[in-house]
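Every read-out reported here was derived from the displayed coordinates using simple, explicitly stated rules and does not represent laboratory data. Worth saying up front: this structure is predicted, and the values here are computed from it rather than measured. Note that we place each Cβ from the backbone using ideal geometry, even for glycine, and neighbour counts take in every protein chain shown.
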Amino acid sequence: MTVLSSAMRHAFLAHCRIVLGDSHVYTSAADMAPFLTDWRGRHTGLAMAVLRPGSVQQVADVVRACARWSIPMVPQGGNTGLVLGGVPDGSGAAVVLSLARLNSIRETDALNRTMTVDAGCILQQIQDEAAAHDCLFPLSLASEGSCTIGGNLSSNAGGTAVLRYGNARELCLGLEVVTPQGDIWNGLRGLRKDNTGYDLRDLYIGAEGTLGIITGAVLKLYPQPKASVTALAAMESPSDALRLLALMQDYCGASLTGFELMSAFCLELVATQFPQLPRPFSDAQHGPSHGQFVLLELSSSESEAHGVGLLERAIGAALEQGAIKDAVVAASVAQSLGLWQLREHIPLAQAKAGKNIKHDISLPVSSIPAFIERTAPLLQQAFPGCQLVCFGHLGDGNLHFNVAPPAGISNEAFLENQDAVNRVVHDSVAAFSGSISAEHGIGALKREELARYKSPLELNLMRAIKTALDPQGIMNPGKIL
Ligand SMILES: Cc1cc2nc3c(=O)[nH]c(=O)nc-3n(C[C@H](O)[C@H](O)[C@H](O)COP(=O)(O)OP(=O)(O)OC[C@H]3O[C@@H](n4cnc5c(N)ncnc54)[C@H](O)[C@@H]3O)c2cc1C
């Protein structure tokens, strides 16, 4: 990496001020602070400056300046990422390039069912705009009020509706990208079919800002469902949850839009930390027959009555076949929100209870019960008394498999076992042909883990792509590879 003399640094910042205006080049510690620490507060980096371009041309101009002076860039959207991808390292050599000011909806084409947006649009803004056109943009995450579509695409975000609509990748038809040399690639095509060679769009999606800066996107819209209905089902084991999934898919087909697994321990944690939230089953009902819970969501393109009828028939069959022991169907929007709050408060309850060792893993759906049955005892053997906080998007094969300390051991002391805990969990994931990152990405946090579990050939192919597109190595260096 080139070490800039103070004169070069001065010249670079002066150039940025001319391009962006003084008020959009932050260099004071106070102005830069919110951009330097990650959402979980695990890491605080340093930066030469935070640059806040307000147009695609300004992005290209400052990127060209970075290329000229070989200055590393860290693209940042809402800074809600969970793997330290959007914050700089401790060297202070990089600039953070915030896309937050690029936040216009450029066009909505309801007939083509597409929306063209700036990369800095907040996800919720896009959902609301789609709804205003009686359409649905189905990407949905607990961070949707803060994360940006550029960050969603760069991390190929998942969320709660992947089962029906796919990851962010499946929801994007076209991209506009500023390359590490400062050129603007306009790939904003609203086409469902386009077989014209290598798919550059797919390269940039999930690249976590290491190949270029996404400045715009064409997103896919869907018809707005007429109604969504929600239920919570209780069962003994993850195997029962898998039986329920198959049954629900048989009965409801594409209407099944959510299938979230939560262990009884997760719901107890939520009840302890947030006693004001509903408890759908009485204490007397809890016990071994209620070891696991599944939050189900069905979307109906006909009516609420149709959705409820479908859900009740499927639940009736699941009870009859012994896949579940009990279920409650939300009778109102408020009850449905209450059930979703239980799911969404699990990460918040964990945060309140103290830091734990997190894993965002992906497995073939059919292997999930066997994975849990094999891995939970291995963890107990190695770390007696440790507590498993296991929940996730079962329908997508995605588990959040988090490990909290045994009673009486502080969270900080337990975190020292992070590498050893990761080894148990990730070795087991690899044995089941799974992935060590389902939806959060690699960033800087999981880079060493990626190097351990990807084949040398796959890593070399990835490095070749990185070198071809970013030969100077200035685009979010130290992330992924
Ligand atoms: C409460 C909470 C719940 C979450 N739930 C989920 C979930 O269910 N599913 C899920 O997948 N994730 C989830 N996340 C993680 C996070 O919200 C998503 O990864 C989100 O997509 C990140 O968007 P962002 O704009 O905040 O990106 P940032 O955090 O700013 O950046 C993320 C990565 O993308 C890069 N980047 C950002 N913008 C651009 C751009 N325009 N061009 C190129 N690179 C860019 C950054 O360099 C970084 O590597 C959650 C996070 C929180 C805090």
Starting from the Kirkwood radius over alpha-carbon pairs of the range 66-181, derive D by Stokes-Einstein at 10 °C in a medium of 1.306 mPa s and give it in µm² s⁻¹. 105
Collect residues whose amide H, placed 1.01 Å from N in the peptide plane, falls under 5 Å from the amide H of Phe432; neighbours closer than 5 in sequence don't count. none
Rh_Kirkwood(the chain) over Cα pairs, Å, one decimal, evaluates to 23.7
Listed residue (Val63, Cys147, Ala327) projecting farthest to the positive dipole end of the chain, Cβ model: Val63
Per DSSP, the loop-located GluC sites (Glu not before Pro) within the range 362-431 having at most 12 other beta carbons within 10 Å are Glu416
Cα-projected label distance for Asn112 with Ala254, points at 7 Å along beta-carbon direction, nm: 2.1
With the contact rule set at Cα under 8 Å and sequence spacing of 6 or more, what percent relative contact order holds for the chain? 15
Report the dimensions of the range 255-390 along its three principal axes from the alpha-carbon atoms, largest first, rounded to Å. 51, 35, 30
Net charge of Cβ neighbours under 14 Å - reference Cys266; Lys, Arg +1; Asp, Glu -1: +1
Near the amide H of Val389, under 5 Å away, which other amide H atoms are found, from residues 5 or more places off or on another chain, if H is placed in the peptide plane? Asn402, Val403, Ala404
Could you work out how far apart the two model spin labels at Asp128 and Asp419 are, taking each label as a point 7 Å from the Cα in the direction of the beta carbon, and quote it in nm? 4.7
Projected onto the charge dipole of the range 397-481 (+1 at Lys/Arg Cβ, -1 at Asp/Glu Cβ, origin at the Cα centre), which of Gln418, Gly443, Pro456 gives the Cα projection farthest towards the positive end? Pro456
Once the Cβ-Cβ distance between Ile184 and Asp22 is put in as r, and R0 is 30 Å, what FRET efficiency do you end up with, to the nearest 0.05? 0.75
Sum of -39500 (n - 2.57) over DSSP H runs of 4+, divided by residues of the chain (222 nm, nearest 500): -11500 deg cm²/dmol
Looks like the range 259-319, by Cα gyration tensor root eigenvalues a ≥ b ≥ c and the a/c under 1.5 rounded cutoff (else prolate when a/b is bigger than b/c, oblate otherwise), is prolate
So between Ala30 and Gln380, what do we pick up on full extension, going 0.36 nm a residue minus the alpha carbon distance? 121.5 nm
Beyond 21 Å, what percent of the Cα pairs of the range 169-255 remain? 54
Taking the alpha-carbon centre of each part, the distance from the range 185-233 to the range 125-172 in Å is 9
Would you mind working out the magnitude of the charge dipole of the chain relative to its Cα centre, with +1 at each Lys and Arg C-beta and -1 at each Asp and Glu C-beta, to the nearest 20 Debye? 1020
Please list the non-local residues whose amide H lies under 5 Å from the amide H of Leu219, H modeled 1.01 Å from N, same-chain partners needing a gap of 5 or more. Met115, Thr116, Val117, Leu173
For the chain, with the dipole built from +1 on Lys and Arg beta-carbon atoms and -1 on Asp and Glu ones, taken about the Cα centre, which of Ala110, Met73, Leu99 lies farthest toward the positive end? Met73
Once Rh is set to the Kirkwood radius over Cα pairs, what Stokes-Einstein translational diffusion coefficient, in µm²/s, holds for the range 410-481 at a temperature of 4 °C and a viscosity of 1.567 mPa s? 93
